[in-house]
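Report on one structure; see the data block that follows.
Bear in mind these aren't lab numbers, they're just calculated from the coordinates by the rules spelled out. Quick caveat: nothing in here was measured; it's all calculated off a predicted structure. Positions of Cβ are generated from backbone atoms using ideal geometry, with glycine treated the same way; all protein chains shown enter the neighbour counts.
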């Protein structure tokens, strides 16, 4: 069995975290590899030591007065302040409220927004008008105004009286 | 959450002091065991144990039951221990940066122990306990927490991930490196013992 990544498989096997099929394969590899068996044995030994040390420490502790201390601590605890309660409420319901508010805002916007009207346009169509040799005619057609939606202006300038208005 | 825990939590929430006392008595040894393993001081461990249960009582209404009661309790306990260590300035080791792939991490390997090189066979119970305490002290608070939760309390990777609010991958990585460091520390302790005896 190769090391490195396999040690992590060994650890997962040791901790019972492998799926059954993978665990079976690892077990077979362990049985065929003395080094792997040694590492598993070392992990078992260390687990035993840690448990034993912890059990000794817990056995030495005196829990007789613990409940009284906890009870006294509970009685002396101030009630949750407004800030704490608000913080908890916001953490618990804040996302829901924010989402609902956003959804309501979208619905309101869609329902209430004014009907779409195209913006007034300043575009004009300019055409020349044949009004004879002594005048110049120009037709200006402006869209988006007037009752019919467009305004037409016909401009005629007499060229024979130049300089006079 | 076990049915019995479920019942006791519901009763405690409704103001049944006796139910809450039963929860305390049910979990006090486990909580103390984790706290002592993290802090190595009986008084500090008992203070943290007391505070953990006071917090549980204070925030019992917020316990939604999506996790088990004991993983929630352990989370409170581990966080209190880490806060205590940081407050006391006792964090002398740097937390392993789980997000950084350490160069040569693959060479960090689990070690087999020979019959002669097995601390469990070579030390008496008292020496072993001292060696374990010293070895745990070489670990960062988070590494200490995963060793204790796994080896003593038997929590699964998923349960530990919930306690420490991290991914299972992070838990696996911390546990692997914590075990490796513990092995090195225990073998060093054995070497010291052999040198003293010689």
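Tabulated data for the structure shown
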quantity	calculated
Using alpha-carbon coordinates, inclination of helix B:3-13 to the longest axis of chain B, degrees	60 degrees
Exposure proxy ranking, count of Cβ atoms within 10 Å, fewest first, for B:171, B:54	B:54, B:171
Helix-derived mean residue ellipticity, 222 nm - over chain B, DSSP H n ≥ 4, -39500 (n - 2.57), to 500	-21500 deg cm²/dmol
Kirkwood estimate for region A:5-60, i.e. one over the average of 1/r between Cα atoms, Å	12.3 Å
Net length gained if the chain between residue A:156 and residue A:25 were fully extended (0.36 nm per residue, minus Cα distance)	37.1 nm
Packing-based exposure ordering (other Cβ within 10 Å, fewest first) of B:3, B:71, B:49, A:141	B:3, A:141, B:71, B:49
Inter-probe distance in nm under a simple model that places probes 7 Å from Cα toward Cβ, at residue A:59 and residue A:139	11.2 nm
Ranked list, fewest to most other Cβ atoms within 10 Å of each Cβ, for B:27, B:59	B:59, B:27
Residue-span extension gain [residue B:19 to residue B:87] - 0.36 nm each, minus C-alpha spacing	21.2 nm
